[in-house]
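Supplied in structure tokens, the structure appears directly below.
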Amino acid sequence: MFGRLFDKFKKRPDGEPGESLELTVDRPTIGLCFNFERGLLYESEYLFDVGMQLILKTLKDYKLRATFNCPAKLCDVAPDQLKMIAQAGHEIAVLGFGDESPKELTDEAVRQLVFSCRSAFARRGLHPIGFRSPHSKWDMRLCRALARQNFRYNAEHDHAKHPYVIIKGPPSVVRLPTYTDDRGLRRSGDTQDSVISKHLRVLRKAIVKKHFASIVFHPWILAEDMERMDHWQGWVRAAVKEGAQVGAMEDLLPAEYR
């Protein structure tokens with residue numbers, strides 16, 4: 001655990017209505033997170049397994065915890081994989097139920113979605129505190145529903161330099177921003193090179209300016225081309241070498257928000 005990293009509070013000038021406190025980190029802080037959707041979409045289960053094997057080994061070598069965002073449907077179709085992640089000491093967070101867009105649902109459907117996710121994981125003895133929307137299609141109705149089901153943080157695409165309170169409680173919900181993801185690595189040529197440069201630039205700025213940064217990676221995308229896996233491993237290695245706090249998203253929450 002990282003202890004109390006968030007010791008300064010101030011108004012966030014560019015936040016959504018109702019937001020209140022920015023939680024400023026006092027040192028470079030890197031959240032490690034992955035979307036794990038094995039067997040639910042069109043991606044190869046083989047590539048998921050290969051990617052997970054290499055990711056888990058790298059995390060073990062560096063003695064790091066990470067967050068795996070998992071759809072609630074995996075509780076029924078891939079419980080053994082969830083158990084493997086938990087037994088390896090990593091955080092399981094919720095990636096919706098399947099591949100729905102909360103932003104396009106009715107108010108009642110949003111509430112039912114969050115309740116169904118909570119119930120599905122509870123049946124497997126898991127009680128996640130983090131939630132991420134598929135494709136990051138969220139709105140404030142979702143955040144209010146998360147608070148009602150006692151989720152403590154929401155991790156969506158967001159260019160904020162620090163976490164911030166998006167629902168002021170109790171219970172409160174903290175936004176842990178994820179700056180970008182790795183889908184651009186599947187493109188070729190200059191586009192792929194620009195994505196790699198962007199990942200490194202996000203990390204470099206966080207280290208130099210002492211703020212928070214997180215990028216969402218996908219095990220199957222990294223395993224599809226070992227150069228991508230090498231890029232991710234180098235990204236993690238650089239963060240550790242530079243002395244950043246690196247780990248699972250839940251470990252980045254101050255004690256009063258867990």
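The values are calculated or read from the model by the stated rules, or taken from the named source; none is laboratory data. Not measured: the values here are computed from a predicted model. Here the Cβ positions follow ideal geometry from the backbone for every residue, glycine too, while neighbour counts run over all protein chains shown. Remember, those area values only see protein heavy atoms, side chains included, never the ligands or the DNA or RNA. Shrake-Rupley method; radii C 1.70, N 1.55, O 1.52, S 1.80 Å.
Is it true that SER214 is among the hydroxyl-bearing types (Ser, Thr, Tyr) and loosely packed, with under 14 Cβ neighbours inside 10 Å?
So SER214 does not fit the description; no.
Any idea how many residues of region 122-179 are farther than 17 Å from GLY96 by Cβ, assigned to a loop (DSSP other than H, G, I, E, B) and hydroxyl-bearing (Ser, Thr, Tyr)?
Qualifying residue count for the region: 2.
Which residues, taken from region 32-48, are free of Cβ contacts under 8 Å to residues at least 40 places away in the same chain and not small (Gly, Ala, Ser)?
TYR42, GLU45, TYR46
Also, quick follow-up: Determine, yes or no, whether ARG152 is open to solvent by 10 Å² or more (accessible area, probe 1.4 Å), farther than 25 Å from PHE48 by Cβ and in contact with a Gly (Cβ under 8 Å, 6 or more places away or on another chain).
So ARG152 fits the description; yes.
Could you list, in sequence order, all residues of region 222-258 that are in contact (Cβ under 8 Å) with a residue 40 or more places away in the chain, of a type in the set (Gly, Ala, Ser) and open to solvent by less than 40 Å² (accessible area, probe 1.4 Å)?
Result: ALA223, ALA239, GLY243, ALA244, GLY247, ALA248.
Sticking with this structure for a sec: Identify, by number, the condition in (1) closer than 30 Å to VAL240 by Cβ; (2) at pLDDT 95 or above; (3) open to solvent by 40 Å² or more (accessible area, probe 1.4 Å) that PHE34 doesn't meet.
Among (1) closer than 30 Å to VAL240 by Cβ; (2) at pLDDT 95 or above; (3) open to solvent by 40 Å² or more (accessible area, probe 1.4 Å), PHE34 violates only (3).
Please tell me if LEU200 is crowded, with 22+ Cβ neighbours inside 10 Å and at pLDDT 95 or above.
The answer is no for LEU200.
Could you check ALA213 against (1) in contact with a Ser or Thr (Cβ under 7 Å, 6 or more places away or on another chain); (2) in a strand (DSSP E or B); (3) not polar (S, T, N, Q) and say which number it fails?
Against the list (1) in contact with a Ser or Thr (Cβ under 7 Å, 6 or more places away or on another chain); (2) in a strand (DSSP E or B); (3) not polar (S, T, N, Q), ALA213 comes up short only on (1).
Return a yes/no flag: does region 79-102 have any residue that is part of a helix (DSSP H, G or I), at pLDDT below 95 and either of a type in the set (Gly, Ala, Ser) or under 25 Å from LYS168 (Cα atoms) (or both).
Yes; the residues of region 79-102 include at least one that is part of a helix (DSSP H, G or I), at pLDDT below 95 and either of a type in the set (Gly, Ala, Ser) or under 25 Å from LYS168 (Cα atoms) (or both).
Here's a follow-up. Does region 46-69 hold any residues that are hydrophobic (A, V, I, L, M, F, W, C) and within 16 Å of VAL246 (Cα to Cα), and which are they?
Within region 46-69, ILE55, LEU56, LEU59, LEU64, ALA66, PHE68 qualify.
Would you confirm, using the coordinates I've provided, whether ILE92 is surrounded by 19 or more Cβ atoms within 10 Å (Cβ to Cβ), hydrophobic (A, V, I, L, M, F, W, C) and either closer than 20 Å to ALA239 by Cα or touching a Pro at 6+ places or on another chain (Cβ under 8 Å) (or both)?
yes
Are any residues in region 103-122 surrounded by 12 or more Cβ atoms within 10 Å (Cβ to Cβ) and either closer than 13 Å to PRO71 by Cα or in contact (Cβ under 8 Å) with a residue 24 or more places away in the chain (or both), and if so, which ones?
Scanning region 103-122 gives LYS103, VAL110, ARG111, LEU113, VAL114, PHE115, SER116, CYS117, ARG118, SER119, ALA120, PHE121.
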